[in-house]
Amino acid sequence: MGHHRVNPAPLVESRQLGDLRIHAIQAGGQRLDGGAMFGVVPKPLWERRIPADDRNRIQLGMRCLLVEHPSGLILVDTGAGNKEEKKFRDIYGIENEGASGRTSLEDGLREVGAQPEDIAVVINTHLHFDHAGGNTYRDAEGRIKVSFPNARYIVKRGEYDYATHPNERTGASYFEPNFMPVVAAHQFEFVVREKEIVKGIRVVPTPGHTPFHQSVLIESTGQRACFLGDLVPTHAHLPLPWIMGYDVEPLVTLETKRRILRQAEDEDWLLIFEHDASVAWGRVEHDGKNYRLRPEG
């Protein structure tokens, strides 16, 4: 299956989806504990797919999606941002410093000819630091500012409530500087269920990782893509029971995956993997036992 090659993905990978141009931007790398990333799956099984380092961490990406849409540029998730201290960055193996003085997300935007001011909509799948950290940034004077000053930010109302009322288990993932400045600027728009944000781009509830996690479904001229977020963080997580230890409701994740992957196979969706260090996207097939990537071509 070629699981051993972890060729780092390029900063930007682009393709056409119907009439829309989409860009997968690798907003940096991170390393997390392999056991935590694969939950109850034993190490001899997951290690065949993604090898661990001497601290038992596996290399991950933090992929964001930019959609060129007639109503403006749509950005899905924002990576880890630039506000955290060196110790934090070492613990989570975050490498996302950009040539711009901000992060590799801004570098990726520049590569496709966009500035942060050009973004019309930011969609957060959820508010964990590695998905919403780039919602805001620390400027040269140390002030925290909204990264995309002209965008409306979309997140589920329940996710915002969950993020602002953390407990001992969830608190390590939610940092108020990643979302409260957006609230203060009146740029957050809270959704409560499935909703079309602009024509052909909708948020769909995909609970499990967090109770109010959402994925993003993009449709153009009959072609569909789904930005999965943390529902299926890498292509190695396609088998239904391969669920992160980080998920707060793993049995809910299981049923969400069953529903989403069945539809993805039926309707030939392009699936976009946020945390995969090397595979940006692909289509799935069921081999009678598990879901897996369908060979290209």
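Every condition in (1) charged (D, E, K, R); (2) surrounded by fewer than 16 Cβ atoms within 10 Å (Cβ to Cβ); (3) touching a His at 6+ places or on another chain (Cβ under 9 Å); (4) under 20 Å from Gly28 (Cα atoms) is met by Lys199 except one, and the failing one is (4). Any residue at all in the range 31-47 that's of a type in the set (Gly, Ala, Ser), assigned to a strand (DSSP E or B) and at pLDDT 95 or above? Among the residues of the range 31-47, not one is of a type in the set (Gly, Ala, Ser), assigned to a strand (DSSP E or B) and at pLDDT 95 or above, which makes the answer no. For the range 284-293, which positions are among the basic types (Lys, Arg) and surrounded by fewer than 15 Cβ atoms within 10 Å (Cβ to Cβ)? Matches in the range 284-293: Lys289 only.
Determine whether Val279 is of a type in the set (Val, Ile, Thr), in contact (Cβ under 8 Å) with a residue 24 or more places away in the chain, under 15 Å from Val204 (Cα atoms) and in a loop (DSSP other than H, G, I, E, B). Quick ask: steps written out before the conclusion?
Values: of a type in the set (Val, Ile, Thr): yes; in contact (Cβ under 8 Å) with a residue 24 or more places away in the chain: yes; under 15 Å from Val204 (Cα atoms): no; in a loop (DSSP other than H, G, I, E, B): yes.
It is false that Val279 is of a type in the set (Val, Ile, Thr), in contact (Cβ under 8 Å) with a residue 24 or more places away in the chain, under 15 Å from Val204 (Cα atoms) and in a loop (DSSP other than H, G, I, E, B).
How many residues, within the range 203-255, are surrounded by 21 or more Cβ atoms within 10 Å (Cβ to Cβ), farther than 27 Å from Lys289 by Cβ and of a type in the set (A, V, I, L, M)? Summing the residues that are surrounded by 21 or more Cβ atoms within 10 Å (Cβ to Cβ), farther than 27 Å from Lys289 by Cβ and of a type in the set (A, V, I, L, M) in the range 203-255 gives 3. Does any residue of the range 73-83 turn out to be without any contact (Cβ under 8 Å) to a residue 60 or more places away in the chain and over 20 Å from Gly113 (Cβ atoms)? Yes, the range 73-83 contains at least one residue that is without any contact (Cβ under 8 Å) to a residue 60 or more places away in the chain and over 20 Å from Gly113 (Cβ atoms). Of all the listed residues (Lys289, Lys257), the sole one being over 23 Å from His128 (Cβ atoms) and either part of a loop (DSSP other than H, G, I, E, B) or modelled with pLDDT of 95 or more (or both) is Lys289.
The values are calculated or read from the model by the stated rules, or taken from the named source; none is laboratory data. All values derive from a computational prediction rather than experimental measurement. Methodologically, a virtual Cβ is constructed for each residue, glycine included, from the backbone with ideal geometry; neighbour enumeration extends over all protein chains shown.
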